[in-house]
Amino acid sequence: MEIGSYHLNVKEGEELSYSVDFIDSVTLSKNGSHVVWEFIDESTPLINKVKPVNIDYQIEGFNQVFLIDDGFDKRIYAKNYSRIDEVGIELNTRMNTEKRVFYKKPLYFTTRKLIYGAQFSDSTDFEITYTRDELPLEIVNYLPAKVTNIRLIGKVKRKYHYDADGRFEFKNDNISALRLKIDEHVDLFLYDEGSGSRIPVYNENVLSKIYKNYKDKTYYFYFSNEFKLFFAKSFSLDDKDGYIIEYQTENELKYPNSIRSLKKIFVIFPNPTYGEAKIFLNNYREGSYKLQIYNIIGRRIWKEDINVKEKTLLKFDFSFLHKGTYLLALKDRYGNIIATRKLVIISI
């Protein structure tokens, strides 16, 4: 096991890989002292690859600024020899062009607070101008006709709690670790840049077209007690049924590890996707099943017969689907739908 600093040791053009697994809510919810997160040497070949992109932007006190797109967020970080700060985020536009905004104050973690039970908080603000043409159509519908530019103001609040003092147990490794629970709340406000008046948005879900993980979310970071380094993270799935966990292993592409779990697992990864996706099934009865895709009006538009073993990884190219949200259903041999997952296709 490599206890590195996750994606923090960044080199120009380097592609980084992490083992990806599913951790059920029961296992994750354990907290307190002496928690054990157990891994076993079984292959779970889900791998997440990220490629840090250096940004030509100067921040005093830092020698490198870069963006990480992990399929869920596009975060901007600044790094020097002793620490790394989260300094901004890339927001969405109608045409999927780059819209990067930097926080007024960085968000950072300090190893001085690596103590079980410690709690602290942090917050920051950002603001940026959008033209009417840059805004997603769902938001344009809220704008008065005379408004040409809007000012987007965001407020980010985080609460941190080192809520578990435990161990990662592998076949050949036993790593002490602290888990940091992060509760994040984001508020977004729209203003007419000309008059300065606030523009009310009554359906706040449309703001997620700009900021994907808008509003509330909870995720977890794991730190090595010995090396004081961040080496794993977990974040919730859309259906709240469990969490994806990413972690570093010494030989992850060949021998990724698996979390021991008897829970039936049906995961699409990455999701959202541009088209190519992997479907991971675990602990379903071996035999014949069907995968079917339905559109938003319930019409079936794709089906595939599959053969499932205890652990099954399937690869599909869904690039024939238009941008949008679909329902992926798993049917047993009797024709019963036994599990469904939301599949989100995004455009390039």
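Here, each number is a calculation from the coordinates, and none is a lab measurement. All values reported here derive from a predicted model rather than from experimental measurement. Because the Cβ atoms are built from the backbone with ideal geometry, glycine has one as well, and the counts that use them run over all protein chains shown.
Where q = 0.16, 0.19, 0.22 Å⁻¹, what log10 of I(q)/I(0) comes from the Debye formula for the range 85-171, counting one point per Cα?
One equal scatterer on each Cα of the range 85-171 leads to -0.77, -0.91, -1.07.
Calculated FRET efficiency, Ala118 and Asn141, Cβ-Cβ r, R0 56 Å, to nearest 0.05?
Rounded to the nearest 0.05, the efficiency is 0.80.
Short version: ³J(HN,Hα) in whole Hz for each residue of the range 299-304, in order, from phi by Karplus 6.51 cos²θ - 1.76 cosθ + 1.60 (θ = phi - 60°), x for Gly and Pro, what are they?
8, 6, 10, 6, 8, 8
Would you mind calculating the gained length between Ser236 and Ser33 on full extension (0.36 nm times residue separation, minus the Cα-Cα distance), in nm to one decimal?
70.8 nm
Across the range 131-145, in residue order, what do the Karplus-derived ³J(HN,Hα) couplings come to in whole Hz, using 6.51 cos²θ - 1.76 cosθ + 1.60 with θ = phi - 60° and x for Gly and Pro?
Going residue by residue, I get 7, 4, 5, 7, 6, x, 4, 4, 8, 4, 4, 8, 8, x, 4 Hz, with x marking Gly and Pro.
Would you mind checking which residues have amide H under 5 Å from Gly88's amide H? H placed 1.01 Å from N; only 5 or more apart, or other chain.
Ile76, Tyr103
Return the distance in nm (one decimal) between the two label points of a simple spin-label model at Leu321 and Arg299, each offset 7 Å from Cα along Cα→Cβ.
1.6 nm
Given a Förster distance of 30 angstrom, what is the FRET efficiency for Asn213 paired with Asn283, based on the Cβ-Cβ distance and rounded to 0.05?
0.55
Please work out the ratio of the alpha-carbon Rg of the range 264-345 to 2.2 N^0.38 Å and round it to two decimals.
1.02
Which whole-Hz ³J(HN,Hα) couplings does the range 181-198 yield from phi under the Karplus relation 6.51 cos²θ - 1.76 cosθ + 1.60, θ = phi - 60°, glycine and proline marked x?
8, 10, 9, 10, 10, 10, 10, 10, 10, 10, 10, 6, 5, x, 8, x, 7, 6
How many nm is it between the label spots at Glu60 and Asn80, if each spot is 7 Å from the Cα in line with the beta carbon?
1.1 nm
Measure off 7 Å from each Cα along the Cα-to-Cβ vector at Ile337 and Thr312, then give the distance between these two points in nanometres to one decimal.
Computed distance between label sites Ile337 and Thr312 equals 1.8 nm.
Assuming 0.36 nm per residue, please report the length gained on full extension of the stretch Glu98 to Thr148 beyond their Cα-Cα distance.
16.0 nm
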